[in-house]
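Below: the structure, in structure tokens.
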Amino acid sequence: MHTNNSDGFLEPSKLCSHMSLQGVTVIAITDHDVVTTLDGDTLDKHSNMQVIIGSEITTQWQDNSIHVLGLNLSSDRGKLEQLLLENRNIRKQRSHKIAEHLDNMGFKGSLDYIQDKYKPVSIGRLHFARFLLDSGYVNNIGKAFSGVLSKVELSDFAWPSLQQVIEAIHSANGSAVLAHPLKYKFSSKQVKSLIKDFAYFNGDAVEYISGNITHKEMMSIHDIIGDSGLKASIGSDFHAPMSHNNFTYAKYCTWLESFQVVWSDWE
Ligand code: AMP
Ligand code: MN
């Protein structure tokens, strides 16, 4: 799940309150390229809820940026924090390029708007999509991506490799999980190749179920994950209460039965 430290809508304490009200007892907070931890007051208030510390880390695979989750991170994560700091710097540079592009299209003032309204520690494309929506330039977030943001060329920003990111996660005693393998619009051959490389570099698991994946999509990667020897994981990819689907663990948990799950060897 995401908080407003990256592109989520709720601050960490509000995310915990929102999830408590829904009856959720375990959450993993995985902001983009930043580790969100909870302050003492929030921990006291939500002592019944288990919070897994994590991050959704941007990495480079061939010509694509890919997301890898570091889950169940320890407090000893100096090497990982250094990598995340560098990634947030790339995000900053990238945000200037996006803002310049939007300025040229007549959508002016995006960065000031984002800093003023959202104050993210880690800025992302979803912030720009929200700016376009909030300003009335598009009718929905999907249009902001397909109609505007997809036209900004961002391939000149190189992220750390899969191997570097997996090693950094392991140095913080975390599990490395390939996020939403079907979201990259890859051919099935590419998905297979990505999962194979992820296993080769000692990744731990693949998100078998994420966001609003369909049953048919799940089935399409079932055997690929099985053959890779990787464990499976599940994630809601929660960003905001108003945009969320009806993702529940109960809805999907039976589909995990044929896999070893990533949390099986956690304390
Ligand atoms: P970034 O990591 O800054 O490149 O932004 C990626 C994030 O943007 C993803 O985690 C999604 O939350 C969001 N995103 C990407 N494409 C879309 C889309 N078509 N509709 C809605 N959100 C999207
Ligand atoms: Mn992602």
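Okay, here's what the table says:
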read-out: Top positive-direction residue, dipole computed over the chain with Cβ charges, set SER236, THR30, ALA172; value: SER236
read-out: Loop sites in segment 98-182: trypsin sites (Lys or Arg not before Pro), DSSP, at most 15 other Cβ within 10 Å; value: LYS108
read-out: Highest-MSF residue in the chain out of ALA179, ALA250, ALA240 [GNM, Cα springs under 10 Å]; value: ALA250
read-out: Computed FRET value (nearest 0.05) for ASN212 with SER65, which takes r as the C-beta separation and R₀ as 25 Å; value: 0.70
read-out: Only Lys, Arg (+1) and Asp, Glu (-1) charged, at Cβ; segment 144-266 dipole about Cα centre in debye; value: 360
read-out: Between segment 51-123 and segment 5-29, the Cα center-to-center distance that results, in Å; value: 20
read-out: Set of lysines near LYS192 by C-alpha distance (under 25 Å), chain-local residues within fewer than 8 positions excluded; value: LYS183, LYS216, LYS231
read-out: Integer Hz, Karplus 6.51/-1.76/1.60 couplings in order for segment 182-189, x for Gly and Pro; value: 9, 8, 8, 6, 8, 6, 5, 5
read-out: Ellipticity estimate at 222 nm from DSSP helix runs (n ≥ 4, -39,500 (n - 2.57)) divided over the chain, nearest 500; value: -11500 deg cm²/dmol
read-out: Sequence-distant residues sharing a close amide H with ASP33 (under 5 Å, placed H); value: GLU56, ILE57, THR58
read-out: SER264-ASN173 FRET efficiency (beta carbon distance; Förster radius 25 Å; 0.05 resolution); value: 0.95
read-out: Whole-Hz ³J(HN,Hα) from phi, Karplus 6.51 cos²θ - 1.76 cosθ + 1.60, for segment 251-267, glycine and proline x; value: 5, 10, 4, 5, 6, 8, 4, 7, 10, 7, 8, 5, 7, 5, 10, 7, 4
read-out: Environment charge at VAL261 (Cβ cut-off 14 Å; Lys +1, Arg +1, Asp -1, Glu -1); value: -3
read-out: Net charge dipole size for the chain [Lys, Arg +1 and Asp, Glu -1 on Cβ; Debye, nearest 20]; value: 740
read-out: Environment charge of SER122, counting only residues whose C-beta is closer than 10 Å and scoring Lys/Arg +1, Asp/Glu -1; value: -1
read-out: Dipole magnitude of segment 1-145 about its Cα centre (Cβ charges: Lys, Arg +1; Asp, Glu -1), debye to nearest 20; value: 300
read-out: Simple label model, 7 Å out from Cα along Cβ direction - THR248 to LYS185, nm; value: 3.4
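FYI, it's all coordinate maths here, none of it is from the lab. Remember, predicted model here, so these are calculated numbers, not experimental data. For neighbour counting, all protein chains shown are included, and Cβ atoms are generated from backbone atoms with ideal geometry for every residue, glycine included.
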